[in-house]
Ligand SMILES: Nc1ncnc2c1ncn2[C@@H]1O[C@H](COP(=O)(O)OP(=O)(O)OP(=O)(O)O)[C@@H](O)[C@H]1O
Ligand SMILES: [Mg+2]
């Protein structure tokens, strides 16, 4: 196992757009070394550069939100971290450089991935979907999974393809939580869900983040407000803002400029 010098922390806005500089609360949270650090990430999809320069830290606890308008490179950033698309730059997990590792090694080291389209095996039962996700050599946290998703225990023998979208999302999250991961990368878990289920997934995310730190791509800003500690914002394949999530969401000018959505003061999205 190789080790790398930990990168300098991302302590404020990067790139041309100014934003909130983490203050006392965030400084306390980020005092511990980040579990995952990305610096100068570039990535290509079918020969096109879709990630131009991304810096981000995922704190060792809680949820770091990865935000931005459609098509700015959020999914590509996550896929690049997982090694699913070709990438350059520095990616360190607990100080170890993983940028040159293939996807299965990145996963083996404890990076869990919950993709945007859930990718459950529809012909397999819920239980089989979980069993197939078990990573050899790791503890399997069925206790945590069934505590978070009691419904999955009841539906263990049901074919995953017959579940609702929300239930399939639970299976997808459960598969990542089952393994003793160091960090989870979760891409738009509330996409396409009914409002009641969005809230439910939000609660599960908050509870999951007590067990493992999360990098969360999420368009629903109420969910971000409820669960995220820090926020990183991308525009055009670049990270342009880093700071406390609440501070960012409470800044209508910044959210309008960077997300195209005007958020209100505390308590309103
Ligand atoms: N397979 C692909 N072929 C061609 N272009 C792609 C492909 N995947 C992504 N892109 C392009 O790369 C850019 C970044 O896409 P990406 O999916 O990473 O954005 P995103 O921020 O996740 O968007 P969304 O909010 O819609 O999920 C977009 O311009 C997209 O069109
Ligand atoms: Mg996406």
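The values are calculated or read from the model by the stated rules, or taken from the named source; none is laboratory data. What you see is a predicted model; the values in this text were computed from it and never measured. In this analysis, Cβ positions are derived from the backbone assuming ideal geometry, glycine residues included, and neighbour counts consider all displayed protein chains.
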Residue list for segment 73-99, restricted to those being within 15 Å of ligand 2 (Cβ to nearest atom) and in contact (Cβ under 8 Å) with a residue 40 or more places away in the chain: 73, 74, 75, 76, 77, 78, 81, 82, 85
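Have a look at 213, 136, 150 and point out the one that is free of Cβ contacts under 8 Å to residues at least 12 places away in the same chain, under 28 Å from residue 97 (Cβ atoms) and away from ligand 2 (no atom under 16 Å from the Cβ). Break it down stepwise before answering.
Working: 213 fails: free of Cβ contacts under 8 Å to residues at least 12 places away in the same chain; 150 fails: under 28 Å from residue 97 (Cβ atoms).
After applying the criteria, what remains is 136.
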Hits in segment 155-172 - residues which are in contact with a strand residue (DSSP E or B) (Cβ under 6 Å, 6 or more places away or on another chain) and modelled with pLDDT under 95: 172
The one condition in (1) at pLDDT below 95; (2) assigned to a strand (DSSP E or B) that residue 242 fails to fulfil: (1)
Only one of 192, 161, 165 that is free of Cβ contacts under 8 Å to residues at least 60 places away in the same chain, surrounded by fewer than 22 Cβ atoms within 10 Å (Cβ to Cβ) and on the phi > 0 side of the Ramachandran plot: 192
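Check whether at least one residue in segment 184-199 is in a loop (DSSP other than H, G, I, E, B) and over 25 Å from residue 222 (Cα atoms), and report yes or no.
Filtering segment 184-199 down to residues in a loop (DSSP other than H, G, I, E, B) leaves 188-194.
Imposing the further condition that a residue be over 25 Å from residue 222 (Cα atoms) reduces the set to none.
Within segment 184-199 (the criterion being in a loop (DSSP other than H, G, I, E, B) and over 25 Å from residue 222 (Cα atoms)), the answer is no, since none of the residues qualifies.
Considering only residues of segment 53-63 that are part of a strand (DSSP E or B) and away from ligand 2 (no atom under 16 Å from the Cβ), which is farthest from residue 223 (Cα to Cα)?
For segment 53-63, the residue satisfying everything is 53.
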Residue in segment 32-42 that is at pLDDT below 95, within 21 Å of the chain's Cα centre (by Cα) and assigned to a loop (DSSP other than H, G, I, E, B) present: yes
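Report yes if some residue within segment 74-90 is within 16 Å of ligand 1 (Cβ to nearest atom) and in a strand (DSSP E or B); otherwise report no. It would help to see each step written out before you state the result.
The first filter runs over segment 74-90 and keeps only residues within 16 Å of ligand 1 (Cβ to nearest atom), leaving 74-87, 89.
Filter again for in a strand (DSSP E or B), leaving 87, 89.
The answer is yes; a qualifying residue exists.
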Selection count where residues are surrounded by fewer than 24 Cβ atoms within 10 Å (Cβ to Cβ) and within 20 Å of residue 106 (Cα to Cα), scope segment 66-75: 1
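Give segment 100-120 a look and list any residue that's free of Cβ contacts under 8 Å to residues at least 40 places away in the same chain and part of a loop (DSSP other than H, G, I, E, B), or say none.
Looking only at segment 100-120, we keep the residues that are free of Cβ contacts under 8 Å to residues at least 40 places away in the same chain, and these are 100-108, 117.
Matches in segment 100-120: 100, 101, 102, 117.
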Unmet requirement for residue 70, which otherwise passes all of (1) assigned to a loop (DSSP other than H, G, I, E, B); (2) touching a residue at least 40 places away in the same chain (Cβ under 8 Å); (3) within 11 Å of ligand 1 (Cβ to nearest atom): (2)
